[in-house]
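Let me begin by presenting the structure, written as structure tokens, before commenting on it.
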Amino acid sequence: MPKTQNSAVMKWLFIFAFIVAFLVVFGGFVRLTRSGLSIVEWNPISGAMPPIGQQAWEEEFAKYQQTPEYQLINTGMTLNEYEFIFYMEWFHRNIARLAGLFYAIPLFYFLFKKSIPFKEFGIYFVMGILFISQAVAGWIMVASGLVDRPAVSHFNLTIHLLLALTLFSLAIWTALGHKYGFPDSRKKNGWSLPSKLSLISLIVLFIQITYGGFTAGLKAGHVSGTWPLMLGSLIPPNLFASWVNIFESPQTIVFIHRWFGWLGIILVPVVFYIVKKQNYPTDIQNGMKWLIGVVALQITLGILTILSYVNIVIALIHQANAILLLGLALYFIHRFRALDTK
């Protein structure tokens, strides 16, 4: 990790992390409006401009009409209706292009000004590779829905999501380092109990987000619109009849996604109790109260998403709150580890 703290670099990374988070949530909107497969080619440069003129629009629409989504789901769609879903995906891709510029231009500026010493460039290089990787993964995801079925691979969707959130996490972690200082790697201090539990909570959250990606890709949220019962039972039969079900079966995947996150409800109050008992700094104690509230809100939003049959607004707030949870989890691990190494 870097050693040089810089306020301007910190602000840039926090803003960049917010842009990445916005991209993830907007990507959820694109998916929920079935707009993601509307642009059937990946043109990183020329694609920055939308079709111009009636003929160009008709040619673009003709390409879409060859896809499984049009032929099996949107048969009869008008050109005006197509323009709407096209622009949703076009905006998504262009926001990503602007995010790339927002990352690259300040980075080179900070390197030129030596605000970021070149010997500390490694972590920023990794962020750049992650940005490119999630962009490529996004196109592979889209391409998977243009062949023989009107849906993308839930594995590809989840890889795209996790790469973006890994980028978000690395940006947040590095920004926190610029704010609070980077840990001294020469010190071999052990992990305190709050640090260990926070790390476990982060792992639980990443698994939960992974199953959220699977759920979204398979549209498994529509399996059952009741809670706590699912398909009339608390635990429907044959959910785990085969190990393959935990990766392929919509029923099994949404069941895991429904209940696995409750581990957070258990772990977070435990960490708060320890923090309170061991008299940690006031900002950490107050922050833990906020974290408990955000976890409770996430569970509530998840239940409401089920009961509303995946209402777009509720589902997107649920997704945005998960990213907020991820950011808070990283904050607490960073703060606890800083105290561990004092």
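Some observations on this one:
- Phe125 being free of Cβ contacts under 8 Å to residues at least 24 places away in the same chain and at negative phi: yes
- Residue that is closer than 21 Å to Gly217 by Cβ, touching a Leu at 6+ places or on another chain (Cβ under 6 Å) and part of a helix (DSSP H, G or I), where the choices are Leu162, Leu130: Leu130
- Candidates in region 138-169 are the residues that are buried (at least 20 other Cβ atoms within 10 Å of the Cβ), of a type outside the set (S, T, N, Q) and more than 10 Å from the chain's Cα centre (by Cα); of these, the one that is nearest to Ile39 (Cα to Cα) is Val142.
- Qualifying residue in region 41-57 (condition: assigned to a loop (DSSP other than H, G, I, E, B), of a type in the set (A, V, I, L, M), at pLDDT below 95 and under 30 Å from Phe118 (Cα atoms)): yes
- Set Leu72, Leu101, Leu107: member being in the same structural domain as Ile19 (by TED's automatic domain parsing) and buried (at least 18 other Cβ atoms within 10 Å of the Cβ): Leu107
- From Gly36, Gly53, residue being without any contact (Cβ under 8 Å) to a residue 60 or more places away in the chain and of a type outside the set (Ser, Thr, Tyr): Gly53
- Members of region 198-249 that are among the small types (Gly, Ala, Ser) and more than 21 Å from Leu301 (Cβ to Cβ): Ser198, Gly232, Ser233, Ala241, Ser242, Ser249
- Qualifying residue in region 18-35 (condition: of a type in the set (Phe, Trp, Tyr) and under 22 Å from Ile116 (Cα atoms)): yes
- Within region 12-28, not a single residue is part of a loop (DSSP other than H, G, I, E, B) and either surrounded by 13 or more Cβ atoms within 10 Å (Cβ to Cβ) or in contact with a Lys or Arg (Cβ under 8 Å, 6 or more places away or on another chain) (or both).
The values are calculated or read from the model by the stated rules, or taken from the named source; none is laboratory data. Since this is a predicted model, take the numbers as computed values, not measurements. Methodologically, a virtual Cβ is constructed for each residue, glycine included, from the backbone with ideal geometry; neighbour enumeration extends over all protein chains shown.
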